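A short write-up of the structure that comes next.
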Amino acid sequence: EREKARQRTADAMARKARAGHVTGGRVFGYDNVEVMGEPDGQGRRRRLHVERRINDAEADVVRRVCDLSGSGLGMTRIAKCLNAKGTPAPRPQQGRPTGWGASSVRQILYRPLYRGEIVWNKTKKRNTWGQTQVSKRPEGEWITVPAPHLRIVSGDAWTRAHARLADARTHY
């Protein structure tokens, strides 16, 4: 019975992912917006799904991170530059300080959503016993949905940043 419920949840999440709806939490650069249905007999409206909309202020920061990377700065230096200017940072995890770190910059540089591509199901969060244990899934199980309306970073800026990252990898 528990396995059937788990499968129903997985099917519902896959359906949401294919439709381009939010399947997880908040992503820096976007706002999550609830889409409500028509009122029922009592005037209550039911949430149909949640969509992402570009947050212009945060999107500017994402573009800046890609531009800085493309111009030759490393992740740590980008983080220090953003912190020095007081640039708004992603919401920290509980108990962690607010601010930019190299890992936050890395997340921005490698998240395909910023180039207009939703990728879902890259990782498995639980093992067969239901315990938290993150593991990667094979690429064949990923669901990839083009979402040009969610593109924040242009193809040229993305290519420049990733060419610089690849160059840095070969040197180190």
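The values are calculated or read from the model by the stated rules, or taken from the named source; none is laboratory data. Here the structure is a predicted model, which is why all the values come from computation and not from measurement. FYI the Cβ positions are ideal-geometry reconstructions off the backbone, even for glycines, and counts take in every protein chain you see. Quick note on the areas: whole protein, heavy atoms, side chains included, nothing else; ligands and nucleic acids left out. Shrake-Rupley method; radii C 1.70, N 1.55, O 1.52, S 1.80 Å.
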query = Anyone know which of Val134, Val61, Val35 comes out most mobile in the 10 Å Cα GNM of the chain?
reply = Val134
request  = Enter the accessible area per residue of the chain (Å², integer; probe 1.4 Å; all protein chains in place).
outcome  = 68
query = So what is the relative contact order of the chain, in percent, for Cα pairs below 8 Å that sit 6 or more residues apart?
reply = 21
key: Accessible carbon and sulfur surface of segment 1-128 relative to its total accessible area, %, 1.4 Å   = 46
note = Long-range share for segment 1-94, i.e. C-alpha pairs more than 18 Å apart as a percent of all pairs, stands at 65
ask   = What number comes out for the charge environment of Val50, summing +1 per Lys or Arg and -1 per Asp or Glu over other residues with Cβ under 9 Å away?
value = +1
request  = Report the full-extension gain for the segment Asp40 to Ala10: residue separation times 0.36 nm, less the Cα-Cα distance, to one decimal in nm.
outcome  = 8.0 nm
Volume in Å³ per residue [convex hull over Cα atoms, computed for the chain] = 180
remark   = segment 39-109 and segment 1-25 have their Cα centres apart by a whole-number Å value of 25
query = Relative to the Cα centre, what is the charge dipole magnitude of segment 37-113, using +1 at the beta carbon of each Lys and Arg, -1 at the beta carbon of each Asp and Glu, and rounding to the nearest 20 debye?
reply = 240
query = Is there a pair in Lys4/Lys124; Lys16/Lys124; Lys16/Lys80 whose C-alpha atoms are over 28 Å apart, and which pairs would that be?
reply = Lys16/Lys80
key: Point-charge dipole on Cβ atoms (K/R +1, D/E -1) for the chain, about Cα centre, debye to 20   = 520
task = Would you compute, from DSSP H runs of 4+ residues alone, the mean residue ellipticity of the chain at 222 nm, taking -39500 (n - 2.57) per run and dividing by the full residue count, rounded to the nearest 500?
result = -13000 deg cm²/dmol
key: For segment 19-145, with +1 on Lys and Arg beta carbons and -1 on Asp and Glu, the positive-most of Val145, Ile108, Val22 along the dipole   = Ile108
inquiry  = For Arg64, what accessible surface area do you get with a 1.4 Å probe? Give it in Å², rounded to 10.
reply    = 70
remark   = Applying the gyration tensor rule to the Cα atoms of segment 51-101 (axes a ≥ b ≥ c; rounded if a/c under 1.5, else prolate if a/b exceeds b/c, else oblate), the class is oblate
Stretchable slack from Gln93 to Ile143, in nm (0.36 nm times residue separation minus alpha-carbon distance) = 15.4 nm
query = For Gln131 and Val33, what does the FRET efficiency come to when R0 = 45 Å and r is the distance between their Cβ atoms, rounded to the nearest 0.05?
reply = 0.85
query = Ordering Arg8, Arg63, Arg46 from largest to smallest accessible area (1.4 angstrom probe), what's the sequence?
reply = Arg46, Arg8, Arg63
